[in-house]
Amino acid sequence: MEHLLHDLKFQKKLTEIAEQTGKSYERVIEAARGYLEELYTIHQPIANLIGAQGAQYILSRGYKKTIDINPAEIKKITRLSRDHSIAFVMTHKTYIDMFVLAVVLVRHGLPIPYTFAGINMSFMGLGQFGRQTGVIFIRRSFRENLVYKACLRHFIASLVDQKSHFMWAIEGTRSRTGKLVWPKMGILKYIKDAEADSSQSVKYVPVSIVYDLIPDVKEMTQEGRGKQKKAESLGWFLNYINKLGDNFGKISLRFGDPVDYSPEAMASEQPATIHAPTAAIPRFALELVHQINQITPVTTTSLICIALLSKYSLSKRGIESDLSDLMQLIESYKPDALVDRGKPIGESVQSALALLLRAKLIKQQGEALNAKYVINADNYLSTIYYANMAVHHLYHRAFIELALVKVALLPPAARLTIF
């Protein structure tokens, strides 16, 4: 860590901050030392091995061992990682998202990226271990802290110089709705700033992870209704792992193509009143989020929730019919989007119904061929969460249908123009 503190360019920056704030250089350098010690993390081979095996064990407690991926995407990532630092920009559905990406990379012989996490996760045990496995714990708020900002930028730049990789959730917090949350610019801006200080370039790769079922959803819906959120601690973490001891189905992950960052192009799409450098980062973040949506896999559980939310009840055959239509629509423009692609629809629906029934998200009314399935009213919000995970794939079709309803009431000559 001392080499970071004694870097001439960094010391010059600290001198400027001392003059700007009216503090002594000694006081600023001492603060910088403390911040760098807080941020500093490495990848210890033994710790990485233990961490990877631990992550696989945690995932296996709740999910199938095989994670659904696209092999062609892995090959692209492998080639890209040889020459560039990669920033994996992820969705955030649950506390185990980072474990999933790390496990997928390790299984294919790729290094574990450095991870950004809130300082609230640096509790006893996890904090010490995290700093041996590349976890960068960041303070929640430091807007006015110039020294901390300089330390964070300097540390990230040093990692970019080494062609290190990064992963973080651009949403900043777990989605409480199943949809992507408005992106947080902080870490993206820190990496862009650090890249400017480095001789190396960074490639920004969108990553989407979805789950058949998520253990966090029930808790999050309860918190949405006013339940107090539990503070993170070692006991909380162990209890979270213990709750994974159930069948939550499978995990699916997709990588997108790198999203290019061009400040001129990004800013040109903004109104002239917006300052170009200020506009570029938010536009870039939105483009990353858009690409994440584009590559998001679609689970059969999500499609069943969509079907049942649109109708009071459906038989298994009715569900299969509705899902067949939805699957054909999605596959027409995104062939690898369906998690259960190539699998008989009856088998996919039966497995998904079993998961949803076990989780008490839906109820079965009647038996055998007369059985119908309905949403469990007590878990209505949770069902909406799972539907929202796939609903963005249907927006364009929905807009077209709404437009057709509108133009049907107009004179024939005006329909095409108004449509």
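The values are calculated or read from the model by the stated rules, or taken from the named source; none is laboratory data. This one's a predicted model, so the numbers in the text were calculated from it and none came from an experiment. As a convention, Cβ positions derive from the backbone with ideal geometry for all residues, glycine included, and neighbour counts pool all protein chains shown.
Could you tell me how many of the residues in the stretch 18-77 are touching a residue at least 40 places away in the same chain (Cβ under 8 Å) and small (Gly, Ala, Ser)?
So the count comes out to 7.
Would you be able to say whether some residue in the stretch 280-288 is part of a helix (DSSP H, G or I), over 22 Å from Asp97 (Cα atoms), of a type in the set (A, V, I, L, M) and outside the structural domain of Ile400 (by TED's automatic domain parsing)?
Among the residues of the stretch 280-288, at least one is part of a helix (DSSP H, G or I), over 22 Å from Asp97 (Cα atoms), of a type in the set (A, V, I, L, M) and outside the structural domain of Ile400 (by TED's automatic domain parsing), which makes the answer yes.
Those residues that are touching a Lys or Arg at 6+ places or on another chain (Cβ under 8 Å) and of a type in the set (D, E, K, R), I need them from the stretch 352-404; list them, please.
Passing the criteria: only Asp378.
In the stretch 370-402, which residues are in contact with a Cys (Cβ under 6 Å, 6 or more places away or on another chain) and surrounded by fewer than 16 Cβ atoms within 10 Å (Cβ to Cβ)?
Of everything in the stretch 370-402, nothing turns out to be in contact with a Cys (Cβ under 6 Å, 6 or more places away or on another chain) and surrounded by fewer than 16 Cβ atoms within 10 Å (Cβ to Cβ).
So, Tyr35, is that one within 16 Å of Asp161 (Cβ to Cβ) and either modelled with pLDDT of 90 or more or touching a strand residue (DSSP E or B) at 6+ places or on another chain (Cβ under 6 Å) (or both) or not? Show your work before the answer.
Details: within 16 Å of Asp161 (Cβ to Cβ): no; either modelled with pLDDT of 90 or more or touching a strand residue (DSSP E or B) at 6+ places or on another chain (Cβ under 6 Å) (or both): yes.
Against the criterion (within 16 Å of Asp161 (Cβ to Cβ) and either modelled with pLDDT of 90 or more or touching a strand residue (DSSP E or B) at 6+ places or on another chain (Cβ under 6 Å) (or both)), Tyr35 does not qualify.
Taking helices (runs of 4 or more DSSP H) that do not extend beyond the stretch 365-419, which have at least 1 residues that are charged (D, E, K, R)?
395-407, 412-418
When you scan the stretch 298-359 for helices (runs of 4 or more DSSP H) that lie fully inside it, which ones turn up with 2 or more residues that are without any contact (Cβ under 8 Å) to a residue 60 or more places away in the chain and surrounded by fewer than 21 Cβ atoms within 10 Å (Cβ to Cβ)?
Here the list reads 316-331, 345-358.
Filter the stretch 234-281 for residues that are of a type in the set (Asp, Glu) and at pLDDT 75 or above; which is farthest from Lys189 (Cα to Cα)?
This residue is Asp246.
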